[in-house]
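Every number here is computed from the coordinates shown, using simple stated rules; none is lab data. Since the model is a prediction, treat every value here as computed from it, not as a measurement. All Cβ positions, even for glycine, are placed from backbone atoms using ideal geometry, and neighbour counts span all protein chains on display.
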């Protein structure tokens with residue numbers, strides 16, 4: 001049976017090896033994307049703190065003056081007084097139309113997320129840029145579009161090989177193949193005797209290059225296989241809708257959020273709650289969050305949504321949501337991460353698990369090393385196959401020579 005699994009392992013590796021290597025290397029580059037982006041663009045994200053920041057509503061008006069024709073979809077405020085505000089813009093005809101009607105444009109996803117179309121597909125045209133604003137002066141520091149950055153090209157290479165839907169199909173298939181490579185790899189690794197077990201648990205660093213290559217593939221492959229399995233599994237939830245639906249079906253839960261509440265119907269003359277008032281209301285409930293993202297409703301019935309990341313959050317996806325009546329400012333509904341159902345928790349945890357951000361810096365460092373090791377396995381596996389092939393040919397040749405000798 002092992003001969004059969006070895007052939008399956010080999011053929012799958014040769015088929016998807018190059019794409020797996022690219023995915024692992026680009027994944028390694030993306031692990032510290034946030035930290036490196038902030039480090040190399042410090043003036044975009046940080047300002048000189050002053051005594052008091054401007055009201056959010058005044059900042060929204062100042063941003064619209066500095067970016068003609070743009071609407072404000074969401075304003076993200078950080079607890080760190082030295083951080084700039086991140087104002088998500090709604091640009092183009094859609095944004096202009098909503099501003100003319102006096103309505104706030106709809107927020108398109110969470111702040112800082114990659115712009116994308118339908119789940120797992122290559123991203124469509126961006127809905128709007130992000131304006132990084134000095135909270136003390138109201139000046140726009142920079143108009144930022146993720147799609148114009150170096151890291152977006154790395155992300156596109158990682159997700160769809162810079163080839164749109166065709167690339168998405170190839171990376172998805174390669175990820176699925178990687179899943180079976182890991183399974184067959186464990187089957188091939190499984191030792192028959194205790195002596196073989198000891199050999200497969202330790203890298204012989206002082207051995208020849210062929211033995212070292214063997215151990216780099218077999219021994220290290222075993223140690224990281226479970227972690228690579230988690231990475232591949234989470235990646236498949238983005239690659240294939242059927243895989244994602246199957247996961248939640250098995251868990252017997254749904255990842256969909258509960259329907260948002262609506263504001264109470266009031267006369268048209270009634271005023272609406274401001275950005276600042278909405279923020280203040282939520283701060284009374286959670287005064288120490290890492291950030292607050294305030295999004296005004298898209299119509300006269302919807303509620304104001306305030307999303308925050310608690311100071312004690314388990315990970316970056318463990319957010320809390322508040323919905324406020326857009327007229328009275330009263331809290332209509334709130335949901336912490338612990339109050340979410342299993343499907344919502346799983347969905348929020350998939351990205352931190354995949355990127356290594358789940359446990360902060362230690363898990364990110366581990367994810368970086370894991371991705372780099374993952375990139376080596378197609379190469380070490382190919383070398384291992386070549387060495388075995390050459391060894392067999394040499395043995396066959398020697399046998400023939402022995403037979404022909406008098």
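On a 0 to 90 degree scale, rounded to 10, what angle separates helix 342-355 from the longest Cα axis of the chain? Long axis of 342-355 versus the principal axis of the chain: about 60 degrees. Ellipticity at 222 nm from helices only: DSSP H runs of n ≥ 4 in the chain, each -39500 (n - 2.57), divided by the residue count, give -18000 deg cm²/dmol. The long axis of helix 275-285 is offset from the longest Cα principal axis of the chain by roughly 70 degrees. Computed over region 132-208, the Cα gyration tensor eigenvalues convert (square root of 5λ each) into semi-axes of 47, 21, 11 Å, ordered from largest to smallest. Multiplying the residue separation of residue 147 and residue 379 by 0.36 nm and removing their Cα-Cα distance gives an extension gain of 80.3 nm.
Summary of packing: across the peptides 272-280, 67-75, the per-residue average of other C-beta atoms within 10 Å ranks them, highest first, as 67-75, 272-280. Return the single residue from 145, 84, 239 with maximal mean-square fluctuation; model: Gaussian network over the chain, springs between Cα atoms under 10 Å. Per the Cα network of the chain with a 10 Å cutoff, 145 tops the list.
Look at where the Cα atoms of region 329-406 and of region 138-217 average out, and the two centres are 5 Å apart. Against the chain, whose longest principal axis is taken from its Cα atoms, helix 361-404 shows a tilt of about 20°.
Under 1.5 on a/c is rounded, so check that first for region 32-74, then, if it is not, pick prolate when a/b is larger than b/c and oblate when it is not; a ≥ b ≥ c are the square roots of the alpha carbon gyration tensor eigenvalues. Oblate, because a/c is 1.5 or more while a/b does not exceed b/c. Starting from the 7 Å offset along Cα-to-Cβ, what nm value, one decimal, do you get for the label separation of residue 65 and residue 190? That separation, rounded to one decimal, is 7.2 nm.
A protection proxy built from the mean count of other Cβ atoms within 10 Å ranks the segments 254-265, 4-15, most packed first, as 4-15, 254-265.
Here the Debye sum runs over all C-alpha atoms of region 1-53 as equal scatterers in vacuum, and log10 of I(q)/I(0) at q = 0.25, 0.30 Å⁻¹ comes out as -0.93, -1.03. Of 48, 305, 153, the residue with the greatest mean-square motion in the GNM of the chain, using alpha carbon springs below 10 Å, is 48. Multiplying the residue separation of residue 139 and residue 202 by 0.36 nm and subtracting their alpha-carbon distance yields 16.8 nm. Classify region 165-218 as rounded, prolate or oblate, taking a ≥ b ≥ c as the square roots of the eigenvalues of its Cα gyration tensor: rounded when a/c is under 1.5, otherwise prolate if a/b is larger than b/c and oblate if not. Since a/c reaches 1.5 but b/c is at least a/b, the shape of region 165-218 is classed as oblate.
Given the convex hull over the Cα atoms of region 311-355, what projected area results after averaging over all orientations, in nm²? Each step should come with its number before you reach the end.
Values: hull surface 15.6 nm².
About 3.9 nm², averaged over all directions.
Taking 0.36 nm per residue of separation and subtracting the current Cα-Cα distance, fully stretching the chain between residue 338 and residue 396 would add 14.5 nm.
Assuming a ≥ b ≥ c are the square roots of the Cα gyration tensor eigenvalues, decide whether region 176-320 counts as rounded (a/c under 1.5), prolate (otherwise, with a/b larger than b/c) or oblate. It would help to have the intermediate numbers written out before the result.
Numbers: a/c = 4.72, a/b = 2.79, b/c = 1.69.
Because a/c hits 1.5 or more and a/b exceeds b/c, region 176-320 counts as prolate.
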